[in-house]
Amino acid sequence: GLCEESDLDGNECTAGGGGELANNGGFETGDLTGWTLFCDGPNNGTCEATMAEANTGSWSGRVATAGAPANPLIKQANLAVGVVQPNSEITIRFSMKGSTGPGGVVFAELFSEIIPEGATNEILSGGPLFPTDQWVPYEFTTTTGPDVSNGVTLQLAAVCGAVEGCVVEAFFDDVSIVIPGGGSEPGTCDAGVCVPNAECA
């Protein structure tokens with residue numbers, strides 16, 4: 001999906017395909033391989049793979065606060081650089097179970113990452129999520145931002161404001177991030193990225 005330096009804009013190329021982007025979305029490696037963690041220090045929480053709960057398989061990912069304020073989170077970070085396209089369809093799925101205390105919420109966010117830095121982000125549900133004592137499946141189909149030069153990131157965060165007694169414990173399973181396309185699509189080089197050719201009706 002990336003063009004060689006010698007390729008000029010307008011050159012033919014083979015575009016990267018779609019399919020599943022998430023790495024270890026079911027946590028079945030028994031650890032957090034494939035995930036980026038922000039769970040220590042001022043985030044004041046715990047992130048781990050656990051067999052205490054599972055929607056499918058034997059494992060899930062647990063993100064929990066340990067005080068307030070707190071913001072522990074896990075990410076599938078900078079996926080599909082050079083493959084995912086701007087303003088294109090992307091579908092995120094996951095299942096969640098857990099509990100919250102006063103002021104506790106969960107946020108699922110999609111970031112369209114930009115080189116050399118920065119991002120545009122979307123709160124997938126349009127607002128906070130509240131885990132329950134049953135596994136609940138979520139599915140969001142949306143579009144990437146106008147610049148995805150550094151890929152896309154899915155962030156799952158347990159958030160407590162400065163509210164006494166606030167606590168969040170969220171279990172995640174079956175995390176999936178899918179872009180359309182089967183791969184090996186004809187494309188054209190554009191600013192170093194192989195952009196799939198438009199299909200004529």
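The values are calculated or read from the model by the stated rules, or taken from the named source; none is laboratory data. Quantities reported herein were computed from a predicted structural model and do not represent experimental measurements. Positions of Cβ are backbone-derived with ideal geometry, glycine not excepted, and every protein chain shown enters the neighbour counts. Accessible surface areas use protein heavy atoms only, side chains included; no ligands, DNA or RNA. Shrake-Rupley method; radii C 1.70, N 1.55, O 1.52, S 1.80 Å.
Annotations
- Near GLY26, once Lys and Arg are set to +1 and Asp and Glu to -1 for all other residues with Cβ below 10 Å from its Cβ, the sum equals -3.
- Pairwise FRET efficiency - VAL163 versus GLU20, Cβ, R0 = 30 Å, nearest 0.05: 0.20
- Cut-off 13 Å between beta-carbons: net charge of the residues surrounding ASP174, Lys and Arg +1, Asp and Glu -1: -3
- Here is the list for segment 36-137: GluC sites (Glu not before Pro) lying in DSSP coil, each with at most 12 other C-beta atoms within 10 angstrom of its C-beta, are GLU117.
- Cα-based Rg of segment 18-117 normalised by 2.2 N^0.38 Å, two decimals: 1.18
- Of the solvent-accessible surface of segment 77-174, computed with a 1.4 Å probe and all protein chains present, 53% belongs to carbon and sulfur.
- Near the amide H of GLY103, within less than 5 Å, lie no amide hydrogens of residues on another chain or at least 5 residues away, with H placed in the peptide plane.
- Accessible area of segment 7-115 divided out per residue, in Å², using a probe of 1.4 angstrom: 42 Å²
- Over segment 50-200, equivalent-ellipsoid semi-axes from the Cα gyration tensor in Å: 33, 17, 12
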